[in-house]
Structures are given as structure tokens and as C-alpha cells.
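Data block below; observations after.
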Amino acid sequence: MRRRLSDLKSLYRKGEKLVCLTAYDAAQAHWASAAGVEIILVGDSLGMVVQGHHTTLPVTIEQMVYHTQMVQRGNQQAYCVVDFPFMSDARPEWALEAAAKLMKEGGANMLKLEGGQRVVPIVQQLSALGVPVCGHLGLLPQSVEKHGYALQGKEASSALRLLDDAVALQNAGAEMLVLECVPASLANEITMQLSIPVIGIGSGAQTSGQVLVWHDVLGITLGRAPKFVKNFLTEADSIQDALAQYVAAVKSQTFPTDQHILAP
Ligand code: KIV
């Protein structure tokens, strides 16, 4: 049986680390789910790792629906979070239309959108309609043309802004938050301040859970892998074993280690 939001909340309340992995098709979802991954993210990272683009920007809503449908056919037990692609949430009415497609046609359980104060009204609107929402702060891949792929929240002022944004998203009704590439101490502070799960990537070990991209966990990178990822296949006998090792490492807090941290 597929996990529900209430199952994730109860793991979070018990203090168990949540394991999230991206997947983009039925086979990946089947194996991730079989390995015990609790949250599958159909990330718009598919624009880079599947389609070969240099950024996530070209991904369309139709493609997100298509990949979500595939994922949900292969997924047995995980909770499925799906990204709003670039610009699909730029206006509240577009966000509602995109949300309807991702949930009704794709079968998404929760929708993720990037940004802070800008997206607060959209989070409120979706949440009031019964749509579970995941925020995404820190490094925002959809804003890469403006801000690049740099670590975020290094200065006191930007760290404070991120903390304010995180609280604003939670107050608007967000049920979960992805925090990408911020210093570990800031990720810890935000995790402590919030009462929703914070899923980290490149943000240290103190968040409520971790997310990685499927291809990175298996060493299938198109260029140089970022410092915060780990190829679990190097010490595994098979893909299934590597995925199981990723799950076990997040649960036992042996991943990420200091070696994967971008800034303390
Ligand atoms: O698109 C994606 O895969 C993501 C993760 C990197 C968090 O947003």
C-alpha cells in the first residue's frame, strides 16, 4: 500500500530520518520503492539527467505529467512528490491549472515549488484546496540563470531571509520543505525552527531527511558529480543493493558525512 502524508508525519514525529530519491520512470520507481525509499520525487532535474539539457528550464508541464504517470505505475509504496516546472507557477491561475494536471492526470500526491515570499500566496491557495505542498529554498535550479549554482545563505542577511521564508512557507500551509545547498548550521537552525519535515540536499546531516538524484546515487553523471553526492554503487553488488545502502545510510545517519558538506 502507498504511503500517505500522515505516515510521513508520524515517522517525522518519531525522529526517524526520511529517505527521498528522485525517479522518472516506472523501473526506477519500482526499484526505489522496493528498496524502502519513502518519498519519490519526480524532479524537474529530469530535464538535465534524462533529457540532457544544461538546466531544468526547458521542462514542460506535459512532460512532468508523463513522467509522473510512469513513476506511479512502478511505485508500490512510496509517497510521490512532483515538481512544478519552470514558469508553470508564475501566476496563481497557471499554478492551479498545473496542479490540476499533475494531480488528476499524473497522479501526484504532493507538489513542490521553488521560492520564498513570491510563492506564499500560491501555497496558501493550493493548501486551501487540499493540495499538499512542498517548498524548496536555498539553491533554486529554476533561477540558475540569475543566481547560478552557488551555496546559498552564507551571509547573515541571506541566512535570515531563508529562515523567514521557511517560516512563511510553513505558515502558508506547506507540509514539507526541500533545502538545497545551504550551510549545515543554517539547515539545522531551519529544521529546528519548523514543525514540518525539512529534506536536505547538500545541506548537511541535521535535516529531517535527505534527497538525492537517482543518477547520482548510481554514479551515472553527465559531468563532474557535486561534492554532496555519493555513488553508492561503488560498494554495492547491484543497483538494488546500492539503493538499499542509500536508504540504510540515511536512516543510520552515516550519509551525509563531513566529506559531503559544502559549508559547516
Ligand atoms: O528536481 C529535483 O530533482 C530536485 C531535487 C534536486 C531536490 O528538486
So, of the residues in the stretch 203-256 that are among the polar types (S, T, N, Q) and assigned to a helix (DSSP H, G or I), which turns out to be farthest from V81 (Cα to Cα)? T234
Quick check on my filter: what residues within the stretch 124-142 are away from the ligand (no atom under 16 Å from the Cβ) and either in a helix (DSSP H, G or I) or buried (at least 23 other Cβ atoms within 10 Å of the Cβ) (or both)? Q124, Q125, L126, S127, A128
Looking for whichever is closer than 27 Å to K146 by Cα and basic (K, R) here; the options are R91, R4. Which one fits? R91
Residues of the stretch 65-101 satisfying the condition of being part of a helix (DSSP H, G or I), more than 12 Å from D44 (Cα to Cα), in contact with a helix residue (DSSP H, G or I) (Cβ under 6 Å, 6 or more places away or on another chain) and touching a residue at least 40 places away in the same chain (Cβ under 8 Å): M70, V71, R73, G74, K101
Within the stretch 26-41, identify whether any single residue is crowded, with 23+ Cβ neighbours inside 10 Å, away from the ligand (no atom under 16 Å from the Cβ) and among the polar types (S, T, N, Q), and answer yes or no. yes
Return yes or no: is R118 without any contact (Cβ under 8 Å) to a residue 24 or more places away in the chain, over 17 Å from the mean Cα position of the chain (by Cα) and farther than 23 Å from Y66 by Cα? yes
In the stretch 229-246, is there at least one residue being within 14 Å of the ligand (Cβ to nearest atom) and within 20 Å of I199 (Cα to Cα)? yes
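For (1) at pLDDT 95 or above; (2) among the polar types (S, T, N, Q); (3) under 18 Å from V131 (Cβ atoms), each residue gets a yes or a no:
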{"residue": "A34", "(1), (2), (3)": "yes, no, no"}
{"residue": "T60", "(1), (2), (3)": "yes, yes, no"}
{"residue": "C80", "(1), (2), (3)": "yes, no, yes"}
{"residue": "P85", "(1), (2), (3)": "yes, no, yes"}
Considering each residue of the stretch 143-180, count those that are within 13 Å of the ligand (Cβ to nearest atom) and buried (at least 23 other Cβ atoms within 10 Å of the Cβ), and give that number. 4
Considering every residue within the stretch 92-104, establish whether at least one is more than 16 Å from the ligand (Cβ to nearest atom), touching a Lys or Arg at 6+ places or on another chain (Cβ under 9 Å) and either among the basic types (K, R) or farther than 16 Å from T60 by Cβ (or both). no
Residue pairs meeting the criteria (Cβ under 9 Å; at least 6 apart or on separate chains; first without any contact (Cβ under 8 Å) to a residue 24 or more places away in the chain, in the stretch 244-256; second of a type outside the set (A, V, I, L, M, F, W, C) and crowded, with 19+ Cβ neighbours inside 10 Å): A249/Q210; A249/K230; A249/P256; S252/K17
Every residue from the stretch 233-246 that is surrounded by 15 or more Cβ atoms within 10 Å (Cβ to Cβ) and over 19 Å from S203 (Cβ atoms): L233, A236, I239, A242, L243, A244, Q245
Residue count, the stretch 197-218 (criterion: under 12 Å from V19 (Cβ atoms), of a type in the set (A, V, I, L, M, F, W, C) and in contact with a helix residue (DSSP H, G or I) (Cβ under 6 Å, 6 or more places away or on another chain)): 1
Would it be correct to say that A187 is within 15 Å of the ligand (Cβ to nearest atom) and surrounded by 18 or more Cβ atoms within 10 Å (Cβ to Cβ)? yes
Which residues, taken from the stretch 110-122, are touching a strand residue (DSSP E or B) at 6+ places or on another chain (Cβ under 9 Å) and more than 16 Å from the ligand (Cβ to nearest atom)? I122
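The values are calculated or read from the model by the stated rules, or taken from the named source; none is laboratory data. Just so you know, these numbers come straight off a predicted model, no measurement behind them. Here Cβ is always computed from backbone atoms with ideal geometry, including for glycine, and neighbour counts include all displayed protein chains.
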